[in-house]
Amino acid sequence: MRKWLAAGVTVLLAAAFLLHLLFLSHPAPVTRGITLTARKFAYEPNIISVNKGDRLRITLTPEDVEHGFFLDGYNIESHARPGRVSTVDFEAGISGKFPFRCSVTCGAFHPYMMGWLKVGPNYPFIVSIWMVALLGWLTLAYALHRGGMLR
Ligand SMILES: [Cu+2]
């Protein structure tokens with residue numbers, strides 16, 4: 001009887017995990033304003049994580065010399081001189097991991113000036129939460145079993 005209860009809890013946990021994954025893969029789209037600071041030879045932030053369907057407004061803000069922003073996969077390009085900004089608006093409609101690069105030759109390490117746009121639900125985070133929950137449950141089940149509660 002107790003074993004059935006334990007099996008039931010395990011099945012419920014698994015079902016909740018799947019529902020969580022499905023639910024979070026379709027979060028309500030939001031509008032995100034991101035200030036992208038550019039200086040020789042890096043972006044800040046250099047990883048931008050958003051959910052599919054979000055509307056993005058990226059404000060490119062160069063701090064030293066003219067820099068650009070070219071987003072692979074979306075084919076969006078923009079550039080600006082220091083003291084000015086340039087703004088691109090687009091919808092993150094394609095999920096995946098897309099590199100963005102500087103599109104203005106800005107110095108010796110210009111080819112290494114890049115960052116990443118990650119579009120999609122945050123699977124590693126969801127999975128890590130559930131790994132903790134699963135470990136907790138297994139520990140509890142083991143303790144109950146050792147204590148004779150599940151026999
Ligand atoms: Cu640059």
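Taken together, the values in this text are just the output of simple stated rules run on the coordinates, not laboratory data. From a predicted model like this one, the values you see are computed outputs, not experimental measurements. Don't worry about glycine lacking a Cβ; one is built from the backbone with ideal geometry, like all the others, and counts go over all protein chains shown.
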| query | Considering region 92-120 alone, what residues qualify as being touching a residue at least 40 places away in the same chain (Cβ under 8 Å) and assigned to a strand (DSSP E or B)? | reply | F100, M114, G115, W116, L117, K118, V119
| message | Against the definition (closer than 20 Å to I34 by Cα and within 17 Å of the chain's Cα centre (by Cα)), how does G68 come out, yes or no? | response | no
| remark: Residue hits (region 39-60; without any contact (Cβ under 8 Å) to a residue 60 or more places away in the chain and more than 23 Å from the chain's Cα centre (by Cα)) are R39
| message | For the structure I just gave you, tell me whether L71 is within 16 Å of the ligand (Cβ to nearest atom) and under 30 Å from L22 (Cβ atoms). | response | yes
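Can you go through E77, E63, E91 and tell me which one is away from the ligand (no atom under 11 Å from the Cβ) and within 24 Å of A108 (Cβ to Cβ)?
Values: E63 fails: away from the ligand (no atom under 11 Å from the Cβ); E91 fails: within 24 Å of A108 (Cβ to Cβ).
Testing whether each residue is away from the ligand (no atom under 11 Å from the Cβ) and within 24 Å of A108 (Cβ to Cβ) leaves just E77.
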| When region 90-136 is examined, which residues are found to be touching a Ser or Thr at 6+ places or on another chain (Cβ under 8 Å) and within 18 Å of L19 (Cα to Cα)? | G120, P121, N122
| message | Where the second residue is polar (S, T, N, Q) and the first is buried (at least 21 other Cβ atoms within 10 Å of the Cβ) and lies in region 61-73, which pairs have Cβ atoms under 6 Å and are six or more apart or on separate chains? | response | G68/S103; F69/S78
